[in-house]
Structure formats: structure tokens, C-alpha cells
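What follows is a short report on a single structure.
Please treat every number below as a calculation from the coordinates, not as lab data. Owing to the predicted nature of the structure, the values given are computational and were not obtained by experimental measurement. Note that each Cβ is placed from the backbone with ideal geometry, even for glycine, and that neighbours are counted across all protein chains shown.
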Amino acid sequence: MSPPISERPYIFYELTNSLCSSCLKKVEAKIIFQDERVYMLKTCLEHGLEKVLISIDIEYYKRARNFLKPPQTPLRFNTATVHGCPYDCGLCPDHEQHSCLTLVEIAERCNLTCPVCYADSSPTKGGFRSLPEIEFLLDELVKNEGEPDVVQLSGGEPTIHPQFFEIMDAARKRPIRHLMVNTNGIRIAKDRHFAEKLAAYKDGFEVYLQFDSLKKQALEVLRGEDLRQVRRQALDHLNEFDISTTLVVTLQKGLNDQEIGEIIDFALKEPCVRGVTFQPVQSAGRLETFNPAKDRLTLSEVRAQILKQSPIFSDADILPVPCHPDCIAMAYALKLEDKVVPLSGLISPAELLKGRNTIQYEQDPLMKEKLFQLFSLNQAEKNTSHAVGDLLCCLPKLEFPTKLSYRNIFRVIIIEFLDRYNFDVRSVKRSCVHIMHPDGRVIPFDTYNMFYRENLEVGQIARNGIQKAEVKLDRIN
Ligand code: SF4
Ligand code: SF4
């Protein structure tokens, strides 16, 4: 009698391409469902098998597939597709989404030395990009985008650039719809006059304020210092001058992921704060014991923690963002006079009781269209309040104010960047958060720190058997 046919302990759902986390060469990756979780299984001929946790929520993983929209391309591409993704950034013609949000690094220097800093910035390392170099980058971006949606001045610490306000003026002269400054808040906290000057730009402008924790210990682990006083003082100045602010929370598993609800509550009480962005990072300090099959903090886990820790949002509120649904999720609430109402709170209870435990907005074509307009990373200020109003018009609604302003909007975003473990070629092609390379290329943020920052490009491209000179020759523009 032949032995019984054995069964694997998982469902093989689909196939994609990833990278070997050791050598960064491209490898095939199976997506499997096992024990209520989604994993990636990949094999490198040199470094063997890897299992990586992708999601703790199979249904949400599948649902993200309903939130896809036709890709929007930039006005031009910057490189040719020659070696295959991700070795042709970019943007190469194979990329499937234009830049919703683009970072322009204006300083390498920083007034902090954060242990988690991907740019390795510090008060003693690096300098400042010159104004002509920055203008070149802004112009290159405008050639790609026409009217870039969101541009984020970043660093290092951008506010310590000696020509900071000249750079702000240079950005303002270009047709940029929404300008942001990505800052640790130290200058804003300690220099009231600086905050006052910043307020002159506040129309179409937002401070993207590093804000990881309300607790001393987590701040010391992530930032190397107890910054609680600095953050309080920065918010006092931002409130005083009424400058729109998003709090940015770097989340590390086991360190500050139990503070999510508390941070949302805190943010809702600050008049200048328009929302919170959560960015899970994988612990850099524990790499020796890091097990990617267990220890990764995924978007789905952050989403689950928001649902558990915050009474504001329900499962129907936190939705995949259609331009990059694998990596970005978003939720909206309205800050009204005496209450905070999530989007689903405006839907009649009868609708909620129609036998589904999830509101399938995407099944109604009109609602889907309006929702897709609203749930885009490039939504900012004026068009956000319009888009919320637009969407509310087609919801079976309760009462809501007919005139909404950006002050009424509270937005929670989760962004999970791809790293060497969860890298997925299918997903990176949809990346819409990009960063300007000093030579004018526009590179997905996910691939920049792996392949294209400073000396990495020479090293990694050589490792993958591709000559940098060849890449340069192939550039289209
Ligand atoms: S990530 Fe995008 S730009 Fe980079 S190689 Fe892939 S398709 Fe091209
Ligand atoms: S504040 Fe930002 S740029 Fe400065 S060291 Fe920390 S992470 Fe790096």
C-alpha cells in the first residue's frame, strides 16, 4: 500500500517576487496563509529559506485587493527599465504610480542622534544641501509632476538649515499644492520667533512633527533623549500660531505599540493637530535575535491595535489607500464642536445592521469613487474637506455640518514601508512616497535606503552584477 498523500499546513495563495534579506538578490516568494496569518516564503539559492510575517489579518489582506484604482503616471520617467525591478529606480516606465508625496532632503546634519535614524544623521555628521541644489531638485520634481501634490522638506533636520526660509520661499515659488516640513520639533520648541516666522507660510503648509511616545523610556530608546518637554513646547508654539500639524509616530513592537490609543486621544485634544501617522519599524537594536516570521510589526497589527486601543474607530473606518493598499491604510474622523465622529459614525445604524460586520463601501460605485478621492495620500487641506463633504453626501447619513474646514478633519494613517524582509516587487511598483536623489532621479522611499542612498548604490548594484555607469547611460532624461 502506498503511503498517504500528505497535506501542507498552509494555503498557498499567490506568488510574487521579493529579495533575499542577506544578499538582496531577487527571489521568488510564495504568499501563504497559515494559523490565521499571512506569510511570505522565499528561497535564496545561496542563503536558504526565509519565512516572513506579512499580515496578522487574512481578511484585511484580501480586502485590500478591492481597493485598487487605475495607476496614475508622472509626466515623464527618469530611467529606462533595463535590469528589472527594483534595480532601475527611477522612476522607470514600469512604475505604476506617480509621486503622491515626495521628500526633498535639504540637510544631512541633525540636532539629534536617534538610534533608529535611517540617514545616520547627527550634530557632527554631514552638512547642508545648497540652495541651488535644492532648487534643482524641486525643478526636476516639477518636470515629473507638473504640480506636485505634497512635498516634504526633510533631512537630517531641515529647520537647522541656515537658509531654511529661503528654501521655503523657493518651494513656494513652484506649483506645489501642499508643503510639509518633517521635523523633530526642537527648533520650533526652543525658538518662538522661528515658529512665528513659519506661520507666515501656513496656508497650504503642514508640520510633520516627530512624536513617538508620551513616555520617557520609549523616547530614549528611539531618539536617545527624553524629548517630552520639547514636544510639549513645540505643540504650544504650533497651537499659538495655528499651524496645521501631523504627529508622526515611529512604532516599535513591545516598546510603544501599547500607547497608540493614548496618542490618538492626546492628538485629538491639540487644536493644531490634523492627524497622526503611524510608521512601524523593525527593531534595529535587536537584529541578532530578530525573527522575521514572528517579530515584525505589520500594518495589520497596528490597525488591530488602533481598533483595540481607541474607542473612536471601528473596522469600517480604517481602510486601504487605493494607490498603495498593501502599505498604507487610512481613517478619517470629524472633529465637531463637542464630539469626534468617525466616518462610519455618520452612517445610519440601520445600514450597519444589514447583516455584514464590515461596511463594504467599495460595493457602491458612487461611494467607491468618492471614497477613492478622499483616501489618497495626496489629499491635503482644501481638497480634503471638500472630499469629505463629497463622500458624506452619498452616505446614508446622519446629520453633519455642511461646511467643513481642514480644522474639522482628523486623519489617522498607517504607513508600512517595505524592507529587505517584506519586500514585494508587486507592491513596490505602486509606491507613491518618493524621495529625490541628488542627481534628480525620483526613487521610491522603500528602495532608496536599500539600494540608492549614497554609497549603497555602487555596492548593491555591483553585488547584483549591474554597473552603475550602465544605469546612468540608460537614463532617459
Ligand atoms: S520600484 Fe518602480 S522605479 Fe524602481 S525599478 Fe521598480 S518599477 Fe522601476
Ligand atoms: S531627528 Fe530624524 S534625521 Fe535627526 S537623527 Fe533623528 S531620525 Fe535622524
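A few points about this structure:
- Working ranking of peptides 169-180, 413-424, 231-242 by packing, defined as the average number of other Cβ atoms within 10 Å per residue, highest first, is 413-424, 231-242, 169-180.
- Counting beta carbons within 10 Å around each of THR124, THR43, THR298, THR81 and listing the fewest first gives the order THR124, THR43, THR81, THR298.
- Evaluated at q = 0.17, 0.31 Å⁻¹, the base-10 log of the normalised Debye intensity for the range 142-183, with identical point scatterers placed on the Cα atoms, takes the values -0.45, -1.11.
- Cα centre as origin, Lys/Arg/Asp/Glu Cβ charges: the range 83-137 dipole, Debye: 320 debye
- Fully extended contour minus Cα-Cα distance, from VAL82 to ILE58, at 0.36 nm per residue: 5.2 nm
- Label-point separation, ALA170 to ASN291 (7 Å along Cα→Cβ), nm: 5.0 nm
- Across every pair of non-identical alpha carbons in the range 230-328, the mean reciprocal distance, once inverted, gives a Kirkwood radius of 15.1 Å.
- Euclidean distance between Cα centres, the range 76-112 to the range 237-315, Å: 26 Å
- GLU262-TYR406 FRET efficiency (beta carbon distance; Förster radius 30 Å; 0.05 resolution): 0.75
- In nm, spacing of pseudo-spin labels at GLU270 and THR124 (7 Å Cα→C-beta vector): 3.1 nm
- Quarter the surface of the alpha carbon convex hull of the range 107-146 and you get the mean projected area, 3.6 square nanometres.
- Put a plus charge on the Cβ of each Lys and Arg, a minus charge on the Cβ of each Asp and Glu, and nothing anywhere else: the dipole of the range 25-180 about its Cα centre is then about 340 debye.
- Distance-filtered residues of the range 121-159 - backbone nitrogen under 15 Å, label point 7 angstrom along LYS190 Cα→Cβ: 122-124, 157-159
- About its Cα centre, the dipole of the range 175-256 is roughly 220 debye, where the only charges are +1 on Lys and Arg Cβ and -1 on Asp and Glu Cβ.
- Cα-based convex hull volume of the range 101-219 per residue, rounded to whole Å³: 112 Å³
- Ignoring aspartates and glutamates fewer than eight residues from LYS30 along the same chain, the ones with Cα atoms less than 13 angstrom from its Cα are GLU14, GLU50, ASP424.
- Which of ASP35, ASP149, ASP439, ASP315 has the fewest Cβ neighbours within 10 Å, and the rest in rising order: ASP35, ASP439, ASP315, ASP149
- Note on the range 213-287: Rg/Rh from Cα positions, Kirkwood definition for Rh, rounded to two decimals, is 0.98.
- Listed cross-link partners LYS269/LYS308; LYS308/LYS339; LYS26/LYS253; LYS216/LYS308; LYS69/LYS197; LYS51/LYS143 are compared with a 31 Å cut-off, the Cα-Cα value being larger for LYS69/LYS197; LYS51/LYS143.
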